[in-house]
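Undergrad: Below is a structure I'd like to ask you about.
Read-outs: derived from the displayed coordinates by stated rules, not from any lab. These numbers were taken from a predicted model, which means no experiment stands behind them. No Cβ is skipped: glycine too gets one built from the backbone with ideal geometry, and neighbour counts run over all protein chains shown.
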Amino acid sequence: MLKHYFINKKSDKDPNQVVHDEYCRQRPTVTEALYVGMFNNCSDAIKEAQKEYKHAIVCPKCLCDCKPD
Ligand SMILES: [Zn+2]
């Protein structure tokens with residue numbers, strides 16, 4: 001199922017940038033988020049995110065089933 005994915009902007013507190021799907025409760029607010037794109041699964045989303053953001057990791061809440069390779 002196609003979903004929109006977002007990543008939070010880098011902050012000084014946390015160098016990791018977390019990828020969320022559109023339904024995540026912990027999804028960053030619009031001003032704190034960058035749009036990654038629309039994907040069928042989170043593995044594709046994280047791969048795409050990591051092209052641009054080296055420290056991209058998956059959200060343990062909404063993407064806990066995700067197993068990026
Ligand atoms: Zn999330």
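Undergrad: Is there any pair linking a residue in region 16-28 that is over 18 Å from ASN40 (Cα atoms) to one that is more than 6 Å from the ligand (Cβ to nearest atom) and of a type in the set (Asp, Glu), with Cβ under 9 Å and at least six apart or on different chains, and which?
TA: Listed pairs, sorted by first residue: ARG27/ASP21.
Undergrad: For region 17-69, enumerate the residues that are away from the ligand (no atom under 12 Å from the Cβ), more than 12 Å from TYR5 (Cβ to Cβ) and aliphatic (A, V, I, L, M).
TA: The answer is VAL30, and nothing else.
Undergrad: How many residues are in a loop (DSSP other than H, G, I, E, B), closer than 26 Å to ASP12 by Cβ and not aliphatic (A, V, I, L, M) when one looks only at region 28-69?
TA: 10
Undergrad: With the requirement that a residue be surrounded by fewer than 17 Cβ atoms within 10 Å (Cβ to Cβ), of a type in the set (S, T, N, Q) and under 9 Å from the mean Cα position of the chain (by Cα), what does region 1-54 give you?
TA: None; the set is empty.
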